[in-house]
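Structure first, then comments.
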Amino acid sequence: MTNVKLYPTPVGSINIVGYRPEYHADNKGVYQGYVDNKQTFSMVKRKSTWVLTTNRGRRMGMQNEDFEYEGHDWSAIARDHSRWNGNGYMKQVEFIIIKVKPAISDGVHPFEVMSTNSSMLELVKKYNTTVYPHHKRKNLYDTTYILGMRGVKIDREEWLANALAEEKHHTTMRKIFKMPNIWRSYPNLYPVAKEKIPYFTNGGSILSETSIVEVGVPFPRPNESHMARSLPYVNYTNGFGNIRPTFDSPNVNSFNEHGYQQLA
């Protein structure tokens with residue numbers, strides 16, 4: 001029997017990356033304040049439909065000489081994964097809620113994009129909670145609800161050209177403020193510069209891609225009914241829950257400052 005070939009999302013097309021969170025609660029229903037990233041999904045094409053694949057499925061396929069695993073051909077996915085060393089890039093990114101359906105085979109899941117509202121966000125929490133001290137998951141079914149990012153897939157070159165975009169005077173200001181004699185003459189300027197100049201503490205006069213701080217996926221906390229706002233650009237790593245976000249203002253450098261979108 002011929003294996004079904006899986007294809008990556010083409011550059012320039014809508015792409016989705018999903019993240020299954022893990023919430024933690026005790027047997028009285030009291031939640032801990034943190035959220036873990038438990039599993040990462042990537043959207044690929046299977047025949048004429050789009051599905052989500054797991055990191056495990058891709059790894060298992062890449063381990064085999066013929067890239068076959070559980071009735072699927074993962075060769076095109078393996079090439080795309082190696083293209084940018086496991087990194088992916090998107091623009092015009094929004095955070096969404098996804099319903100992940102039972103697997104067609106190990107690592108390949110049909111899915112549906114759901115409405116982004118507080119009721120759906122409650123389902124994300126309900127289906128992804130581990131209860132302590134017995135470490136039992138509340139969700140015993142194959143279907144689950146997760147968070148995801150949806151945007152236009154771009155190549156690394158476009159991301160590098162745009163993700164570090166900033167106001168021109170910030171480069172000059174960083175260069176000047178790196179001079180020791182400035183601080184000797186104007187010691188009170190440092191806290192102002194640190195607050196007002198993007199990437200001041202970890203960037204030189206010319207920014208590199210590492211100037212964009214790597215952060216975890218912004219899962220809403222158990223007591224929040226908010227989703228993170230949209231992002232102009234994102235660099236994500238396939239298989240892990242860390243991203244490098246570009247915010248909609250050069251003066252913003254974290255999700256706390258970026259704010260949240262209230263769900264209806």
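Points worth noting:
Listed here are the residues, each with its yes/no results for (1) surrounded by fewer than 18 Cβ atoms within 10 Å (Cβ to Cβ); (2) hydrophobic (A, V, I, L, M, F, W, C); (3) touching a helix residue (DSSP H, G or I) at 6+ places or on another chain (Cβ under 8 Å).
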position	(1), (2), (3)
ASN15	no, no, no
GLU22	yes, no, no
ALA25	yes, yes, no
THR40	no, no, yes
LYS47	yes, no, no
TYR69	no, no, yes
TRP74	no, yes, yes
PHE95	no, yes, no
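- You will find that of ARG150, ARG174, ARG156, the residue that is over 18 Å from GLU209 (Cα atoms) and either touching a residue at least 24 places away in the same chain (Cβ under 8 Å) or β-branched (Val, Ile, Thr) (or both) is ARG150 and no other.
- Residue match in the stretch 104-118 (condition: modelled with pLDDT under 95 and in contact with a Pro (Cβ under 8 Å, 6 or more places away or on another chain)): yes
- Within the stretch 49-61, restricting attention to residues that are surrounded by fewer than 16 Cβ atoms within 10 Å (Cβ to Cβ) and modelled with pLDDT under 95, the residue that is farthest from GLU112 (Cα to Cα) is ARG59.
- Look at the stretch 206-230: where a residue is within 30 Å of LYS175 (Cβ to Cβ) and a partner is open to solvent by 30 Å² or more (accessible area, probe 1.4 Å) and acidic (Asp, Glu), sitting 6+ places away or on another chain with Cβ atoms under 9 Å, you get LEU207/GLU166.
- When the residues of the stretch 177-222 are filtered to those that are modelled with pLDDT of 75 or more and of a type in the set (Gly, Ala, Ser), the one that is nearest to the chain's Cα centre (by Cα) is GLY216.
- Among the residues of the stretch 225-250, those that are closer than 25 Å to LYS126 by Cα and open to solvent by 30 Å² or more (accessible area, probe 1.4 Å) comprise SER225, HIS226, ARG229, SER230, PHE240, ASN242.
- For GLU65, the conditions (1) open to solvent by 70 Å² or more (accessible area, probe 1.4 Å); (2) of a type outside the set (A, V, I, L, M, F, W, C); (3) modelled with pLDDT of 95 or more are fulfilled apart from (3).
- Any hit, the stretch 142-157, residues being modelled with pLDDT under 90, out of contact with any helix residue (DSSP H, G or I) (no Cβ under 9 Å at 6 or more places or on another chain), not in a helix (DSSP H, G or I) and not β-branched (Val, Ile, Thr): yes
The values are calculated or read from the model by the stated rules, or taken from the named source; none is laboratory data. Predicted model, so just to flag it, every value in this text is computed and none were measured. Virtual Cβ from ideal backbone geometry, glycine too; neighbours counted across all protein chains shown. Quick note on the areas: whole protein, heavy atoms, side chains included, nothing else; ligands and nucleic acids left out. Shrake-Rupley method; radii C 1.70, N 1.55, O 1.52, S 1.80 Å.
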